[in-house]
Amino acid sequence: MSTTNHASRQTSLSSKSAGAGLFAAIVASLCCITPVFSLLAGIGGIAATFSWMEPFRPYLIALTIGVLGFAWYQKLKPRTKEKIECACETDEKPSFWQSKKFLGIVTAFAALMLAFPSYSRMFYSNGSSPNTSVILSQDTTKTHKIVLDVKGMTCAGCEAHIEHEVRSLPGIKSVDAIYTEGSATIEYLPSRLEEKTIIEAINQTGYTVIEKPKDQ
């Protein structure tokens, strides 16, 4: 009976570890998931809410791998001779939530969450209308280029979010956000757009322009 209880505890521990690993994986990428959710849900101002968690991401990744590794160890480690001898009453088919299949699904989903920053850009469209390039090419007004220091970007998804919002403004010729430098370089037509409008558009997403733009 004690062997049966021990096996049951191990199965339960494996399931709990899988849940903990999945939670850690989601939290690890929360700083990049939030901007995409903000865009899809049409909720402004929350994109950079969890940017403060970015320094903890490597530790959360390590925690996810460690916890899921432990869960797989509990699931795959060979049974002792004592457990085999008592298997006559303990070889019941485990429920789906305690099966290797469920653990495999959890592991795959956790891997997708950990890799989310690398493919989050695909959720953002170009943001500009089809006629924008034609209009800009016909406008002979001299363009103006500014570099904004932006706080809150943590991954390529944040870059895409800012670029998407800025491109939706009229008179934007180009925009290039770089999260590693915390900057956004924007070229626009002063005749059609004011600099403060660009800054307001970025601030409304949840990121923050922290310094006065520098002319280039």
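All of the numbers you see were taken from the coordinates with simple rules; none came from a lab. Predicted model only: the values in this text are computed from it and were never measured. Neighbour counts are summed over all protein chains in view; Cβ atoms, including those assigned to glycine, are modelled from backbone coordinates with ideal geometry.
Side notes on the structure shown:
- In units of the rule-of-thumb radius 2.2 N^0.38 Å, segment 146-216 shows an alpha carbon radius of gyration of 0.97.
- The gain in end-to-end length when the Glu181 to Ser168 segment is fully stretched comes to 2.4 nm, 0.36 nm per residue minus the alpha carbon separation.
- Placed amide H near Val209: partners under 5 Å, 5+ positions off or other chain: Lys151, Asn203
- Once both labels are positioned 7 Å from their Cα atoms along Cα-to-Cβ, the gap between Lys16 and Lys151 label points is 4.1 nm.
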